[in-house]
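To keep things clear, I will list the structure first and then write my remarks on it.
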Amino acid sequence: MALPAKKEQYTFADVLTWDEGERVEIINGEAFMMATPSSRHQELSGELFRQLANFLVGKRCKVYPAPFGVRLFERDGDKPEDVDTIVEPDISVVCDRGKIDKRGCKGAPDLIIEILSPSTRRHDRLVKLNLYQRAGVLEYWMVDPDNQSVQVFTLDGGMLKIREDYGAEDIAKVNVLEGCFIELEKVFSEG
């Protein structure tokens, strides 16, 4: 389904009028249609989510899979028409329950995971990395299914800097969750 009438600037108010099944991100007022994820993408996302969700049972932080709207720069008192950026990360971990409302997350999650695909690779590496850095996301993972690798960035002095580069056989440390490790062999397993 096409977006409603072309506009100069879209906001969260527009998103609230669209069909619930629409997968659209708005970045600085510009709308980006999102492709349906591949089965491989969903397998990786599912396993990452499973491991994180299992670790977080009984803890204050919560993990949310896409579709889950994140309004990175929304502040208290903002109306939907004031919000010009809303993204749908593949996985979001939020430790401040005050950021969660019935529409998703208001502000920066503690951890965001994006699974790269041919159609999103450049966007996730450049545009989203910059957005997440400006919003103050503490940790950002870029999962590359083709190379079976994970690049982990952590916020350091206001900049998301590469901290680790993991391969398919590694156990990846989740820096924002003390004691949490992800078994990448299970994530990249095709069995």
**OP:** Please compute P(r) over all alpha-carbon pairs of the chain, binned at 10 Å starting from zero, and give each bin as a whole-number percent.
**Re:** 9, 37, 37, 14, 2
Subject >> Two-site label geometry, Arg40 and Lys79: point separation in nm, points 7 Å out along Cα→Cβ >> reply: 4.7
**OP:** Divide by every residue of the chain the summed helix terms, -39500 (n - 2.57) for each DSSP H run of at least 4, and state the resulting mean residue ellipticity at 222 nm, rounded to the nearest 500 deg cm²/dmol.
**Re:** -5000 deg cm²/dmol
Original post:
Cα to Cα, under 21 Å, and not fewer than 8 places away if on the same chain: which lysines meet these conditions relative to Lys128?
Top reply: Lys99, Lys106, Lys161
**OP:** Convert each backbone phi in region 30-40 into a coupling constant with the Karplus relation 6.51 cos²θ - 1.76 cosθ + 1.60 (shift: θ = phi - 60°), then list the ³J(HN,Hα) values in order as whole Hz, x for Gly and Pro.
**Re:** 9, 8, 10, 6, 10, 6, 5, x, 6, 5, 5
Original post:
Considering only region 102-164, what is the antiparallel percent among its DSSP beta bridges, to the nearest 5?
Top reply: 70
Subject >> Local electrostatic count at Ser189 - Lys and Arg +1, Asp and Glu -1, tallied over other residues with Cβ under 14 Å >> reply: -4
Original post:
Dipole of region 1-158, Cα-centred, from +1 at each Lys and Arg C-beta and -1 at each Asp and Glu C-beta, to the nearest 20 debye?
Top reply: 320
Original post:
Any idea what diffusion coefficient region 14-116 gets from Stokes-Einstein, in µm²/s, Kirkwood Rh on alpha carbon pairs, 25 °C, 0.890 mPa s?
Top reply: 170
Original post:
Which chymotrypsin sites (Phe, Trp or Tyr not before Pro) in region 1-104 pass both tests, a DSSP loop state and at most 15 other beta-carbon atoms within 10 Å?
Top reply: Trp18
**OP:** Enumerate the calculated ³J(HN,Hα) couplings along region 131-139 in order (Karplus 6.51 cos²θ - 1.76 cosθ + 1.60, θ = phi - 60°), each rounded to whole Hz, writing x wherever the residue is Gly or Pro.
**Re:** 4, 5, 5, 4, 7, x, 4, 6, 8
Original post:
Summing Lys, Arg as +1 and Asp, Glu as -1, what charge do residues with Cβ under 14 Å from the Cβ of Arg97 carry, Arg97 excluded?
Top reply: +3
**OP:** For region 103-191, just the Cα set please: Rg and Dmax, both in angstrom.
**Re:** 13.1, 41
Subject >> Burial ordering of Asp78, Asp19, Asp144, fewest other beta-carbon atoms within 10 Å first >> reply: Asp19, Asp78, Asp144
Original post:
With r defined as the distance between the Cβ atoms of Arg125 and Phe181 and R0 fixed at 30 Å, what FRET efficiency is calculated, to the nearest 0.05?
Top reply: 0.75
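Every number here is computed from the coordinates shown, using simple stated rules; none is lab data. Remember, it's a predicted structure, so these values are computed and weren't measured experimentally. All Cβ positions, glycine included, derive from the backbone under ideal geometry; neighbour counts span all protein chains shown.
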